[in-house]
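These notes concern the structure reproduced below.
The values are calculated or read from the model by the stated rules, or taken from the named source; none is laboratory data. Source: prediction; values computed, not measured. Methodologically, a virtual Cβ is constructed for each residue, glycine included, from the backbone with ideal geometry; neighbour enumeration extends over all protein chains shown. Calculation scope for accessible area: heavy atoms of the full protein, side chains included, ligands and nucleic acids excluded. Shrake-Rupley method; radii C 1.70, N 1.55, O 1.52, S 1.80 Å.
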Amino acid sequence: MADRHNRDIDRPLAPAPKPLPVPTVDAHAHLEIVTDAAPDSDAVRKVLDDAKAAGVDRVVQVGYSAEQSKWCVAAAEHFNDRVLAAVALHPNEAPIVADMDADLKIIEELATHPRVRAIGETGLDYFRTPPELRKRQQDSFKWHIELAKKTNKALVIHDRDSHDDVLSILQEVGAPETTIFHCYSGDAAMAKICIERGYILSFAGTITFKNAPELREAVKLVPIDQLMAETDSPFLSPMPNRGALNVPAQVATVIRAMAAERGDDLAEFANALSANAERAFGKFN
Ligand SMILES: [Zn+2]
C-alpha cells in the first residue's frame with residue numbers, strides 16, 4: 001500500500017523498544033496511515049497497546065485533510081483515555097484541494113470538539129510546493145494560526161525548507177500562546193530564535209540520523225520545558241531501524257536519544273516531556 005506521498009508503507013516493524021521508566025506521550029502520529037483501518041478498530045487499539053507497553057500511554061493524532069481530520073476526532077472520541085486530536089489542512093494539501101474554503105469550514109467546525117486540542121499540522125513546505133502555489137499555502141497557514149488563537153488551542157507547525165518564512169509569518173500574524181514546531185528541522189541558530197519566542201520544539205526520529213548533527217546540537221540548547229518528542233508515525237523510524245514502519249512505541253527510542261544527547265536522567269526527562277505535553281494539550285483522559 002502507498003501513503004499519500006506514494007511511499008510504500010508495507011514495511012516491517014522495528015523491534016519493540018525497551019520500555020521507558022515512566023509513562024509519556026507521542027506528540028505527533030498518523031495512526032490512520034500506520035493501520036489503514038477504522039478509527040475505532042482493533043488495529044488501532046493494538047498499536048496503542050504496544051505503545052503503552054513501551055511506556056507511551058498517550059498519543060496525539062494529527063490532521064492533514066478535512067476528511068482525515070474527521071478520522072482524528074473519531075479516534076480521540078473512541079480512545080478517550082489516551083488519544084487527543086489535532087485538525088488541519090496539511091501545507092501539502094492546502095494548495096491542491098478542490099475547494100479550500102469548504103475544507104477549511106469543516107476544519108473550523110471540528111476544531112470546536114472538546115477532544116481537539118491543537119490546530120495542525122499546518123505551516124509551509126517549500127520542498128514539495130512549487131513557487132506558484134506558495135501564496136495559497138501561506139494563506140492557509142495564516143488562517144490556521146488565527147483559528148488556533150480563536151479557539152485557544154495549540155498550533156502544530158510543519159516546516160520543511162521554509163524556516164525563514166514560517167518564522168516571519170508567525171511574527172506578522174502573531175503566534176498562539178502554544179506554538180509547536182513538529183519534527184523540528186532547524187539548526188542551533190534557529191532554535192535560539194524559537195526558544196527566545198517561547199515556542200516548543202518537538203524532536204522526531206531524525207535526531208538519531210547520521211546526517212543530522214545540527215539537530216543534536218539544537219536539542220542541547222532547549223530549556224526542558226520547551227521540548228517535546230514525537231514519532232510522526234509511520235514516517236521517520238529512528239535508527240537503527242531507519243526505513244521500518246514507525247509506530248508510537250518508538251518515541252521511547254527518540255526520548256532515549258534526546259536524553260543521552262543532553263546528559264539528562266531518562267526518567268526525569270520523560271516525566272518533563274509528559275508534563276509539557278499536558279500543559280500544551282491538556283489532559284488525555
Ligand atoms: Zn505529521
- Go through the stretch 37-67 residue by residue and tally those that are of a type in the set (S, T, Y) and either touching a Lys or Arg at 6+ places or on another chain (Cβ under 9 Å) or not in a loop (DSSP other than H, G, I, E, B) (or both). 2
- Query: Which condition breaks for K192 when tested against (1) at pLDDT 95 or above; (2) closer than 21 Å to V25 by Cβ?
  - Reply: (2)
- Query: Where residues in the stretch 207-255 are closer than 22 Å to K52 by Cβ and in a helix (DSSP H, G or I), which of them is most open to solvent (accessible area, probe 1.4 Å)?
  - Reply: T253
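Taking the options D8, D26, D49, D42, name whichever one is loosely packed, with under 15 Cβ neighbours inside 10 Å and either at pLDDT below 95 or closer than 27 Å to D159 by Cα (or both). Step through it out loud before you land on a result.
Values: D26 fails: loosely packed, with under 15 Cβ neighbours inside 10 Å; D49 fails: either at pLDDT below 95 or closer than 27 Å to D159 by Cα (or both); D42 fails: either at pLDDT below 95 or closer than 27 Å to D159 by Cα (or both).
After applying the criteria, what remains is D8.
Give, as residue ranges, the helices (runs of 4 or more DSSP H) completely inside the stretch 85-186 that count at least 1 residues that are open to solvent by 50 Å² or more (accessible area, probe 1.4 Å) and within 24 Å of E217 (Cα to Cα).
Working: elements: 100-110, 134-151, 163-173.
Because the criterion is at least 1 residues that are open to solvent by 50 Å² or more (accessible area, probe 1.4 Å) and within 24 Å of E217 (Cα to Cα), the helices (runs of 4 or more DSSP H) in the stretch 85-186 that meet it are 163-173.
In the stretch 41-65, what residues are within 18 Å of the chain's Cα centre (by Cα), away from the ligand (no atom under 16 Å from the Cβ) and among the small types (G, A, S)? Give the steps one after another, and end with the answer.
Narrowing the stretch 41-65 to residues within 18 Å of the chain's Cα centre (by Cα): 44, 47-48, 51, 56-65.
Narrowing further to those that are away from the ligand (no atom under 16 Å from the Cβ): 44, 48, 51, 56-58.
The one that is within 18 Å of the chain's Cα centre (by Cα), away from the ligand (no atom under 16 Å from the Cβ) and among the small types (G, A, S): A51.
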